[in-house]
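Structure record follows, encoded as structure tokens.
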Amino acid sequence: MSLAPASETLADLRVDGARLWQSLMDLARIGGTEKGGVCRLALTDLDRQGRDLFVSWVEDAGCEVRVDAIGNIFARRPGRNNALPAVMTGSHIDTQPTGGKFDGNYGVLAGLEVLRTLNDADVQTEAPLELAVWTNEEGSRFVPVMMGSGVYAGAFTLAHALDQQDREGVSVRDALAAIGYDGKEAVPPARPDGVGAYFEAHIEQGPVLEAADTVIGVVTGALGQRWYDVVLTGVEAHAGPTPMPLRRDALLAASDLVRAVNDIALAHAPDARGTVGWMDVFPNSRNVIPGRVRMTVDLRAADDATLTAMDAALRAAADAAAQAGGVTVQVEQVVYFAPQPFAPGLVQAVREGARDLSLSAMNVVSGAGHDAVYLARVAPTAMIFVPCKDGISHNEIEDARPDHLEAGCNVLLRAMLAQAGIAR
Ligand SMILES: [Zn+2]
């Protein structure tokens, strides 16, 4: 038995990186693909097998397990004072059809490794700890994406989520019952104690950390998003007899707008994004001047003032393209997600965790959606990013280094302990 004071002992506490890696590989076998990826769609029998394995692991770790009515799983490790709000971590274990081993799974199994490490060191926290698996984050089989965390945070209702159907007409309600994860717990939860803090570790899914040769991404928040449907209407005409000055070419005007979207994002570097990802050209015939183009625009920025300025610039560019091309342009916003800054105190806890472990770290923003973005609406929240190879994700070749995954897990351990407090 060590006579060192608790704080000194805990400064040396580290997760078992090899055990974390083994857990990732064991879970990845369920739905594993020939190319080394994972296909484990939400609420399929493979998802059930993955959930069952997770539940057996957390029960072995001494946790109490609850499942709520949208199938979110909560594993609780009691603290000394269980009236305190829980310090929670988690992510998702559903994947894309051609998904990888790490997206989501890392956040869940990093949380598991934190609990196992505390068990091994016989550390009791002051506040209880909880590890969550959120249902259907990917949105591949059922929309909306981030379904379990969205219901939990009140972004949409439980009934709305349960009514959604996949392409075969199977509802979320029936799929949950079929795999035995239609839990009894109310959602949103009627827990008076609430969640004191939520941390989520995740692979970056982008190239920034790797390019900067940095191990820990201190995520300061998630980008806000505005999605648009745009319709440009000109006049179809024969490509031969119609002289250039007399044309009203909808695709030419669309080209101006595609370029403008790129320039608008560049004008708000480095965090802003602008993308035209889909386009439909009518009549799409070799020798007809295009009479109509439908296209999408996706604008993202870290704060609302920037997003509003980008919206105004997009509408001005649409007017300019209409005037120059002799066409009409309709711009309709169809989706809005507010920028979601994370809790400064928890972001600082992540930063200090990296510093105490002498790990390279930098501030980053999340360009993608995560369960943490919904959790941030109901609890103080922060995320920890680690690099993934070539920034590639949602792909069977998705890869990450064991030492980076271990480092992010150690940061998670420290950040959670700092919030939960040590009883012994
Ligand atoms: Zn994910």
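Values as computed for the structure displayed
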item: Candidate set from segment 216-261 (those that are more than 24 Å from the chain's Cα centre (by Cα) and polar (S, T, N, Q)); member that is nearest to residue 297 (Cα to Cα); result: 255
item: Residue within segment 49-60 that is open to solvent by less than 40 Å² (accessible area, probe 1.4 Å) and on the phi > 0 side of the Ramachandran plot present; result: no
item: Residues being within 18 Å of residue 223 (Cα to Cα) and either open to solvent by 30 Å² or more (accessible area, probe 1.4 Å) or not in a loop (DSSP other than H, G, I, E, B) (or both) - total across segment 359-368; result: 6
item: Sole exception among (1) away from the ligand (no atom under 16 Å from the Cβ); (2) among the charged types (D, E, K, R); (3) surrounded by fewer than 20 Cβ atoms within 10 Å (Cβ to Cβ) for residue 399, by number; result: (1)
item: Top-ranked residue in segment 305-357 [being in contact with a strand residue (DSSP E or B) (Cβ under 8 Å, 6 or more places away or on another chain) and free of Cβ contacts under 8 Å to residues at least 60 places away in the same chain; ranked as least open to solvent (accessible area, probe 1.4 Å)]; result: 315
item: Matching option when the condition is among the hydroxyl-bearing types (Ser, Thr, Tyr), modelled with pLDDT under 95 and either more than 30 Å from residue 82 (Cβ to Cβ) or more than 16 Å from the ligand (Cβ to nearest atom) (or both), among 393, 358, 366; result: 393
item: Only one of 150, 194 that is open to solvent by less than 10 Å² (accessible area, probe 1.4 Å) and closer than 22 Å to residue 341 by Cβ; result: 150
item: Members of segment 369-390 that are within 14 Å of the ligand (Cβ to nearest atom) and either within 23 Å of residue 101 (Cβ to Cβ) or not aliphatic (A, V, I, L, M) (or both); result: 369, 370, 371, 372, 373, 374, 383, 384, 385, 386, 388
item: Residues of segment 181-238 that turn out to be among the polar types (S, T, N, Q) and closer than 26 Å to residue 133 by Cα, as a count; result: 3
item: Selection from segment 341-355 of residues that are touching a helix residue (DSSP H, G or I) at 6+ places or on another chain (Cβ under 7 Å) and either within 16 Å of the ligand (Cβ to nearest atom) or farther than 17 Å from residue 222 by Cβ (or both); result: 349, 353, 354
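Let's see how each residue does on (1) open to solvent by 10 Å² or more (accessible area, probe 1.4 Å); (2) in a loop (DSSP other than H, G, I, E, B); (3) at pLDDT below 95; (4) more than 14 Å from the ligand (Cβ to nearest atom):
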| residue | (1), (2), (3), (4) |
| --- | --- |
| 88 | no, no, no, yes |
| 93 | no, yes, no, no |
| 102 | no, yes, no, no |
| 114 | no, no, no, yes |
| 119 | yes, no, no, yes |
| 122 | yes, yes, no, yes |
| 131 | no, no, no, yes |
| 136 | no, yes, no, no |
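The values are calculated or read from the model by the stated rules, or taken from the named source; none is laboratory data. All of these numbers come straight from a predicted model, not from anything done at the bench. Every residue, glycine among them, receives a Cβ derived from its backbone with ideal geometry; neighbour counts consider all protein chains shown. Just the protein is used for accessible areas: all its heavy atoms, side chains included, with ligands, DNA and RNA removed. Shrake-Rupley method; radii C 1.70, N 1.55, O 1.52, S 1.80 Å.
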